[in-house]
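Written below as structure tokens is the structure these notes are about.
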Amino acid sequence: MTHDAIVIGAGPNGLVAANHLIDAGWSVLVLEEQPEIGGAVRSDRSVHPDFVHDTFSTFYPLAAASRTIQGFRLEEHGLRWTHAPAVLGHPTPYGDWAILHRDRTITAALMEEQQPGDGEAWLELCAAWDEIGDALITSLLTPFPPVRGGVSTLAKLRRVGGLDFVKTLLSPVVDLADVRFTGSSPGLLLAGNAGHADIPLDAPGSGLMGLMMTMLGQTVGFPVPEGGAGMLTRAMASRLESLGGQIETSTRVAHVEVVDGRAVGVRTADGERHEARRAVIADVIATQLYGDLLAPSDVPAKIHERMQGFRLDPGTVKVDWALDGPIPWASRPPHDPGTFHVADSRLEMNVALQQVHAGHVPAQPFMLAGQMSTTDPTRSPAGTESVWAYTHVPQKTVADAGDGSVRGTWDAADAERFADRMQARIERLAPGFGSRVIARRVLGPRELEARNANLVGGAINGGTSQLQQELFFRPIPGLGRSETPVRGLYLGSASAHPGGGVHGAPGMNAARAALAHHRVDGVLEPVRGVARRALRR
Ligand SMILES: Cc1cc2nc3c(=O)[nH]c(=O)nc-3n(C[C@H](O)[C@H](O)[C@H](O)COP(=O)(O)OP(=O)(O)OC[C@H]3O[C@@H](n4cnc5c(N)ncnc54)[C@H](O)[C@@H]3O)c2cc1C
């Protein structure tokens, strides 16, 4: 059957693209390889039947801040956001906590107690973000170069210190924290949030990442969908289907068909053909699009060459626990956080990230973690806790920086040994944690990729977020927008600008590009027809 557009992959970006195209009146078919929609935004009960665990991603500040996702009014399709008492916590080995609370005066008061002066400095940073944050996020989420958002950001920069603030944004996160604060809590929060991407904490770009995630936490929180992450993508799918869009699961696209340089449809692994009248949008990792789905002859040699330079982000090991009680923190936080970070210090965090970049399995992994029942009590029976933690590991392991027990082969035994190392990190902060575990699931790089082909080797962001592969260098220099060398084919996954995270921007940018080109084609086609007829005469 023929559709105006075919979307390959029902991740958040594919579903955003599909919803935008259906709103424009196009007929849309989404083809998803897995038996379930949602990509890396899914939840399940396979750890323990009484517990909901998010299979991959969990907290969605970027979705909550995204005008695109807000515009879909997903609440009408069952989505309800919920928040933990505090956004984020970072327990230290000395028994105190760095806490980010959605009420900035509470965050500031806690910092002030620990280090006089830091509270006021925090409120000043928040005030600067109030001026510039919206415009900055808009610029980052639109195609590069961001014309409208960019002009608005430039206009607002003067009010927050002009070039000095630009320098702040470009600084490594460690410098950003040291210039403004004396105590350790603000730096732990900023650096931990920068660690959500794979940018070294002493490299440019980490400051912007840390500041953006922290200030999003401060302003919109780290909300989660009530009932599980999957409720977000289910709401997107429900909206799409209510408007006539179609989704087929358990259907892997094996090939994008190209005729005269234009994408005309796809062929599935079962050999079925689907024609696309106007566009094919690929919510797949760039390596799959250029390496597998397109015939080598449909891609210019230069693109093949440049794809050799495409860099994945590191691998990931994620552990989920079902606990029969709350996490037994040695020292209780002043407000219960939904997300928590595990690292003794910024130095330890940086060492772990550097070890991963150097191919070493970290000895003391820096972990992002969450108390999901604290955030959303529907996730497990009253009094219990649904917990997760993930950390990064090398794509190619040279050595284990720890006790040598982890080989980096990531078979089940290797991943379990590393999960023990991760669990021991929490046990130190919460003695008795292990005795509360009633079920545990370890998803190493292989298990992640088996559940979602975009997570190659456990890479969670569709390619490194380091500066050299961002903006107009994403996925490769010369292809910094959704357009591909094949007409009518658009890259709409996290491999496209602005990269990973659940904000829907790559999907939206791809859908907008498809609509714009179709409009231009509509104008040019009569002219082309006249030219063709003239040539024939
Ligand atoms: C463990 C983990 C934790 C994360 N935590 C967070 C978080 O807390 N907050 C946040 O904002 N982001 C987080 N992220 C990142 C975020 O989930 C991703 O950036 C986002 O899901 C990317 O969306 P996408 O639509 O581009 O791709 P995906 O979500 O990966 O979806 C791609 C879809 O395409 C399908 N597909 C691939 N190839 C084919 C094919 N050939 N045919 C048909 N279908 C195909 C896949 O099965 C998949 O369903 C996390 C990711 C992971 C893995």
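Observations
- Answer residue from region 310-330, given it is within 16 Å of the ligand (Cβ to nearest atom) and hydrophobic (A, V, I, L, M, F, W, C) and is farthest from Arg487 (Cα to Cα) among those: Trp321
- Of all residues in region 1-24, those being surrounded by fewer than 24 Cβ atoms within 10 Å (Cβ to Cβ) and not in a helix (DSSP H, G or I) number 5.
- Listed by first and then second residue, the pairs linking a residue in region 50-71 that is farther than 18 Å from Val442 by Cβ and among the charged types (D, E, K, R) to a residue that is more than 8 Å from the ligand (Cβ to nearest atom) and at pLDDT 95 or above, with Cβ atoms under 7 Å apart and 6 or more places separating them unless they lie on different chains, are Asp50/Ser380; Asp50/Pro381.
- Some residue of region 180-193 being within 14 Å of the ligand (Cβ to nearest atom) and either out of contact with any Gly (no Cβ under 6 Å at 6 or more places or on another chain) or in contact (Cβ under 8 Å) with a residue 60 or more places away in the chain (or both): yes
- Within region 426-442, residues that are more than 20 Å from Gln364 (Cα to Cα) sit with their Cβ atoms under 7 Å from residues that are of a type in the set (D, E, K, R) and outside any strand (DSSP E or B), at 6+ positions apart or across chains, in these pairs: Arg436/Asp324; Ile438/Asp324.
- Residue within region 341-363 that is in contact (Cβ under 8 Å) with a residue 40 or more places away in the chain, among the acidic types (Asp, Glu) and in contact with a helix residue (DSSP H, G or I) (Cβ under 8 Å, 6 or more places away or on another chain) present: no
- Val47, sole failed condition from (1) near the ligand (Cβ under 7 Å from one of its atoms); (2) farther than 23 Å from His517 by Cα: (1)
- Selection status of His77, within 18 Å of Met231 (Cβ to Cβ) and away from the ligand (no atom under 14 Å from the Cβ): yes
- Just one of (1) more than 8 Å from the ligand (Cβ to nearest atom); (2) more than 26 Å from Gly522 (Cβ to Cβ) fails for Gly9. It is (1).
- Selection status of Glu416, under 17 Å from Ala369 (Cβ atoms) and without any contact (Cβ under 8 Å) to a residue 60 or more places away in the chain: no
- Of the residues Ala177, Ala191, Ala98, Ala197, the single one that is among the small types (Gly, Ala, Ser), at pLDDT 80 or above, buried (at least 21 other Cβ atoms within 10 Å of the Cβ) and not in a helix (DSSP H, G or I) is Ala98.
- Extreme residue, surrounded by the most Cβ atoms within 10 Å (Cβ to Cβ), among residues of region 25-37 that are among the acidic types (Asp, Glu) and near the ligand (Cβ under 6 Å from one of its atoms): Glu32
- Only one of the listed residues (Gly228, Gly217, Gly221, Gly207) is in a helix (DSSP H, G or I), farther than 28 Å from Trp26 by Cβ and in contact (Cβ under 8 Å) with a residue 60 or more places away in the chain. That residue is Gly217.
- Only one of Ala40, Ala84 that is farther than 15 Å from Glu226 by Cα, touching a Pro at 6+ places or on another chain (Cβ under 9 Å), open to solvent by 10 Å² or more (accessible area, probe 1.4 Å) and within 15 Å of the ligand (Cβ to nearest atom): Ala40
- Considering region 236-261, the residues that are within 19 Å of Gly488 (Cβ to Cβ), away from the ligand (no atom under 14 Å from the Cβ) and among the hydrophobic types (A, V, I, L, M, F, W, C) include one that is most open to solvent (accessible area, probe 1.4 Å), namely Val259.
- Looking across region 262-309, the residues that are away from the ligand (no atom under 16 Å from the Cβ), open to solvent by 40 Å² or more (accessible area, probe 1.4 Å) and among the hydrophobic types (A, V, I, L, M, F, W, C) come down to Val264, Ala301.
- When each of Val356, Val393 is tested for being in contact with a Pro (Cβ under 8 Å, 6 or more places away or on another chain), hydrophobic (A, V, I, L, M, F, W, C), open to solvent by 10 Å² or more (accessible area, probe 1.4 Å) and within 16 Å of the ligand (Cβ to nearest atom), the lone residue that passes is Val356.
- Of residues in region 59-71 being part of a loop (DSSP other than H, G, I, E, B) and open to solvent by less than 10 Å² (accessible area, probe 1.4 Å), the one farthest from the ligand (Cβ to nearest atom): Ser66
- Once region 155-174 is narrowed to residues that are hydrophobic (A, V, I, L, M, F, W, C) and open to solvent by 10 Å² or more (accessible area, probe 1.4 Å), the residue that is farthest from Val356 (Cα to Cα) is Ala155.
- Counting only strands (runs of 3 or more DSSP E) wholly contained in region 290-404, the ones carrying 1 or more residues that are among the charged types (D, E, K, R) and modelled with pLDDT of 95 or more occupy 315-323, 385-393.
Yes/no per residue for (1) open to solvent by 10 Å² or more (accessible area, probe 1.4 Å); (2) of a type outside the set (D, E, K, R); (3) away from the ligand (no atom under 12 Å from the Cβ); (4) assigned to a loop (DSSP other than H, G, I, E, B):
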| position | (1), (2), (3), (4) |
| --- | --- |
| Arg441 | yes, no, yes, no |
| Leu448 | no, yes, no, no |
| Gly463 | no, yes, no, yes |
| Phe472 | yes, yes, yes, no |
| Leu479 | yes, yes, yes, yes |
| Ala496 | no, yes, no, yes |
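The values are calculated or read from the model by the stated rules, or taken from the named source; none is laboratory data. In this text, all values refer to a predicted model and were calculated from it rather than measured experimentally. Cβ: placed from backbone, ideal geometry, glycine included. Neighbour counts: every protein chain shown. Just so you know, the surface numbers come from the protein's heavy atoms only, side chains and all, with ligands and any DNA or RNA stripped out. Shrake-Rupley method; radii C 1.70, N 1.55, O 1.52, S 1.80 Å.
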